[in-house]
Amino acid sequence: MRRMRSTLVLLGVVVCACAKKEEAPAAETAAAAPAALTAAMSAGTWDGKTMTSPGDSVTNTWTSFIAADGSGRLVITGSTDTVSFTSTFDADSSMATSSAYNDPSLPAGSPQVMWTSVGRMAGEGKMAGTVTIHPAAKPDSIVSSLRWESTRRP
């Protein structure tokens, strides 16, 4: 009996030693981070539209002119006013804040507003993001939260 037990233990050790070893799973390859967005990459003339969120109703269209230093101006279709803004860049995002302006999509006599926006490249020559409209006199309040898309002019 003892010999049989020894033989079984020895057989178990041999089987374990000869068994095909499982290979460790290949390390998961992390997706490459998107390239850092710079002011120079966003420079140019962009035609865009602002839409409700959720939904796709267009609230206004505009043209944005962005300089190589990230400063810019925006003209809302139907308005003769130019809205100045400044941009900062971090990783793959641009953050922009406007000066105070009269939004033609709001009822006549509405107080001036400002916007803050976050955007990212959304393909070759395209950017998209979100924008929050604030009363200029009360920047902690929110008039509306929208989304936007734009395409760089050739």
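The values are calculated or read from the model by the stated rules, or taken from the named source; none is laboratory data. Keep in mind the model is a prediction, meaning the values are calculated, not measured. With ideal geometry, Cβ positions are generated from the backbone for all residues, glycine too; neighbour counts draw on all protein chains shown. SASA here: full protein model, heavy atoms, side chains in, ligands and nucleic acids out. Shrake-Rupley method; radii C 1.70, N 1.55, O 1.52, S 1.80 Å.
Residues that are hydroxyl-bearing (Ser, Thr, Tyr) and over 13 Å from SER42 (Cα atoms) within segment 109-154 comprise SER110, THR116, SER117, THR130, THR132, SER141, SER144, SER145, listed in sequence order. How about segment 119-138: which of its residues are within 14 Å of GLY48 (Cβ to Cβ), without any contact (Cβ under 8 Å) to a residue 40 or more places away in the chain, among the hydrophobic types (A, V, I, L, M, F, W, C) and open to solvent by less than 50 Å² (accessible area, probe 1.4 Å)? Matches in segment 119-138: ALA128 only. The set of residues in segment 17-52 being at pLDDT 85 or above and either farther than 25 Å from THR151 by Cβ or touching a Leu at 6+ places or on another chain (Cβ under 8 Å) (or both) consists of THR50, MET51, THR52.
Can you tell me which of SER150, SER141 is loosely packed, with under 13 Cβ neighbours inside 10 Å, touching a strand residue (DSSP E or B) at 6+ places or on another chain (Cβ under 6 Å) and either part of a loop (DSSP other than H, G, I, E, B) or not acidic (Asp, Glu) (or both)?
Numbers: SER150 fails: loosely packed, with under 13 Cβ neighbours inside 10 Å.
When all the criteria are applied, what remains is SER141.
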